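Read-outs: derived from the displayed coordinates by stated rules, not from any lab. Just so it is clear, the model here is predicted, and its values are computed rather than measured. When we count neighbours, we look across all protein chains shown, and the Cβ atoms used for this are built from the backbone with ideal geometry, even at glycine.
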Amino acid sequence: MTTNGHPHIEFRGVSAFYGPKQVLKGISFTVPRNTVLGVIGPANSGKTTMLKAINRTLDFVGGARFTGDVMIKGENVKEMRDANALRRRIGMVFPLPVGLPLSIYENVAYAPRRMGITAKAELDPIVERCLRQSVLWDEVKDRLEMLGTRLSGGQQQRLTLARALSLSPEILCLDEFSIAIDPVTTMRIEEVLKELRKSMTIILVTNLVQQARRLADHTMFLWRGDVIELDSNEVIFSDKPKDRRTYEYVNGIFG
Amino acid sequence: MFACCMLLVLPLLAILAYIFIEAAPVLSLDYLWQNPARRGTQGGLWAPLVGTFYLVIGSLLFVAPIGILAAIYLNEYAREGWLNRVISITVTTLAGVPSIVHALFGLGAFVLTMLPPFNKLFGLDWEGGLLTASLTIAVMTLPVIITASREALGAVPHAFREACWNLGSSRWQTIRTIVLPNSSSGILTGVILEICRAAGETAPILFTGATFFKFIAEGGWEKLFPYGIGEPFMAMSMHLHVISTQIARMPDQMKFGCAAVLIMLILFINSAAIVLRLRMRARKRW
């Protein structure tokens, strides 16, 4: 379950700030390799900020900073020289669907192209694999030249997922990925995620408590920048999690 | 409101009609190709026309790369802060400075201060000419390019950049592959506006390199490349200014002919900007 003795992802007392406002309050946790960590919690809990600390895109947010250490395979992300190389190891899907103003094909081929993969013979299989994994292939295979921005919200969301998978990342972070996707398609993507976890570690931030229950090995309840509870799903979704607030949130009587 | 709009359009149409009717007797292709003769009272407009062309090219060589790169820096790299605000205010202020002040600045900075040591260093004998006038125009039109480019860059949604960064694409890769291709029409519009100002302004080149009269070759390659970069040159705006005010017994149609050609030139360039903007709207990709 470890990588060279290290957990795949480890947070050590990570605090994050936007200007004077603290959004993560020294959180610590580990994610073992090839597991799915579900993250639940109401809005403004710091879930998205947590993901942005992992791939250091927090660097791009004006006035934002984080203290503490985020370790990937025992390596501190802050000490990595090439943040872009780090980002290429981590697939990110954020809640707002973003199709790049390129064709569907080029949306998926974008990251591989930046890595110097330009031959159609190499790109074609990557594009097809990613679009199949994001359950979009059947809908778009006959119009790959269409602009990605012309797709519907749910389709763009799956396009975003396909893009995130295009470099075969070792970690996949999904932030409310199913928000614009219909339930049937969501179920099909969930099946794919179960396959993907054989080759990657997944952090699944979700407002759908049941989605965490279905997919995650462990689930973390994040509230106002604190980890209230992190345990296996058997405990979190049982009648007796360690913290009352977890029980109340999971059962919809929180607040 | 419709009446107000008409109030805007009517004078323009009246001016255009008046100029073109008065200029009609001289307007011909030959008029464009002939050099001015007898202090501009006869002949055509070739020498000032080609001078304006090189002035535009020269100023673009300086202002386009500097202005566009500055806009990219301000919009894509610079963090919010006092420095960014100071630069923004400077750009706005620069846009409000009257052109005659730019002319005096160009005279002081480029012609009188920089040119002599430059000549000494390289053993040249350049005088105020295409180079110094181009630099002056470049300084004057820098805000035009920067403002238009920043607007064009800012119109590309931030979410596209974030999506690229999340894929490990560097800032520059993101700019090159997503931001610039989707803002190029807007940037080009700024460049075209710059061309219009460079072609139309008289004051900035008055002291910094333009001259009223210069004999240039009547044919051959020298007619296409008549001016050295360190030599005074003729320009349309300057020519119009002098023949309208300084020369006694100037035939009216020569003045109107010059004005008509200058206006046509600028209308033509402006309509290119309009076409570009329309195409940009039609090709909107999100």
>> Could you derive backbone 3J(HN,Hα) for the range A:10-18 from the dihedral phi with the Karplus parameters 6.51, -1.76 and 1.60 (θ = phi - 60°), listing whole Hz in sequence and x where the residue is Gly or Pro?
In response: 9, 9, 10, x, 7, 10, 10, 10, 10
>> Shape verdict for the range B:1-70, please, from the Cα gyration tensor: rounded (a/c under 1.5), prolate (a/b greater than b/c) or oblate.
In response: oblate
>> As an exercise, find the ratio Rg/Rh for the protein assembly as shown from alpha-carbon atoms, using the Kirkwood inverse-distance average for Rh.
In response: 1.15
> For the peptides B:238-246, A:16-24, what is the packing order when you average, over each peptide's residues, the other Cβ atoms within 10 Å and list the highest mean first?
Replying inline: B:238-246, A:16-24
>> Between the range A:17-71 and the range B:260-285, what is the separation of their alpha carbon centroids in Å?
In response: 49
> From the square roots a ≥ b ≥ c of the eigenvalues of the alpha-carbon gyration tensor of the range B:208-280, which class results: rounded (a/c under 1.5), prolate (a/b over b/c), or oblate?
Replying inline: oblate
> Put a dot 7 Å past each Cα toward the Cβ at residue A:43 and residue A:28; how far apart are the dots in nm?
Replying inline: 3.3
>> Pairs of alpha-carbon atoms within less than 8 angstrom and 6+ residues apart define the contacts here; what relative contact order does the range A:47-175 have, in percent?
In response: 34
> What number, in percent, do you get for the relative contact order of chain B if the mean sequence gap of Cα pairs under 8 Å and at least 6 apart is divided by its residue count?
Replying inline: 29
>> Run lengths n ≥ 4 of DSSP H only: what is the helix-derived mean residue ellipticity at 222 nm for chain B, with -39500 (n - 2.57) per run over all residues, to the nearest 500?
In response: -21000 deg cm²/dmol
> So, in nm, how far is label residue A:138 from label residue B:118 when the simple model puts each one 7 Å beyond its Cα toward the Cβ?
Replying inline: 6.9
> Roughly what would the spin-label model give for residue B:95 and residue B:286, points 7 Å off Cα along C-beta, in nm?
Replying inline: 2.4
> Which angle between 0 and 90 degrees, to the nearest 10, do you get for helix B:82-96 versus the longest principal axis of chain B when only C-alpha atoms count?
Replying inline: 20
> Of A:169, A:93, A:72, whose Cα points farthest to the positive end of the dipole of the range A:65-178 (charges on the beta-carbon: +1 Lys, Arg; -1 Asp, Glu; origin at the Cα centre)?
Replying inline: A:72
> If one takes the longest principal axis of the Cα atoms in chain A, at what angle in degrees, from 0 to 90 and to the nearest 10, does the Cα axis of helix A:104-114 lie?
Replying inline: 80
>> Quick query: amide H of residue A:39 versus all other amide H atoms, modeled in the peptide plane; which residues come in under 5 Å with a sequence gap of 5 or more or a different chain?
In response: A:204, A:205, A:206, A:220
> Once you have the alpha carbon radius of gyration of chain B, what is it after dividing by 2.2 N^0.38 Å, with N set to its residue count?
Replying inline: 1.15
> Between the range B:94-157 and the range A:173-215, how many Å separate their Cα centres?
Replying inline: 58
> Counting pairs of alpha carbon atoms under 8 Å apart in space and at least six apart in sequence, what relative contact order in percent does chain A give?
Replying inline: 26
>> Suppose the chain between residue B:213 and residue B:2 were pulled fully straight at 0.36 nm per residue; how much longer would it get relative to their current alpha carbon spacing?
In response: 71.3 nm
> Is the range A:112-200 rounded, prolate or oblate when judged by the Cα gyration tensor, a ≥ b ≥ c being the square roots of its eigenvalues, rounded requiring a/c under 1.5 and prolate requiring a/b larger than b/c?
Replying inline: oblate
> Against the longest principal axis of chain B, how steep is helix B:2-23, in degrees 0 to 90 to the nearest 10, with axes from Cα atoms?
Replying inline: 40
> How large is the charge dipole for the range B:165-286, taken about the Cα centre, if only the Cβ atoms of Lys, Arg (+1) and Asp, Glu (-1) carry charge, to the nearest 20 debye?
Replying inline: 860
>> Using a 10 Å cut-off around each Cβ of peptide A:80-87, what is the average number of partner chain Cβ atoms that fall inside?
In response: 3
> So for the protein assembly as shown, taking the charge dipole from beta-carbon charges (+1 Lys/Arg, -1 Asp/Glu), which of B:268, A:11, B:233 sits furthest toward the positive end?
Replying inline: A:11
> So which lysines can residue A:120 reach, going by Cα to Cα under 18 Å and dropping same-chain residues fewer than 8 places off?
Replying inline: A:141
> Hey, can you rank B:145-151, A:122-128 by average C-beta count inside 10 Å, highest first?
Replying inline: B:145-151, A:122-128
>> So if I average 1/r over every pair of distinct C-alpha atoms in the range B:1-139 and take the inverse, what Kirkwood radius in Å does that give?
In response: 19.4
>> Within 10 Å of each Cβ in B:153-163, how many Cβ atoms from other chains are there, averaged over the peptide?
In response: 4
>> Please report the spacing between the Cα centers of the range A:77-152 and the range B:167-208 in Å, no decimals.
In response: 30
>> Inside 10 Å of the C-beta atoms of A:94-104, what's the mean count of C-beta atoms belonging to other chains?
In response: 5
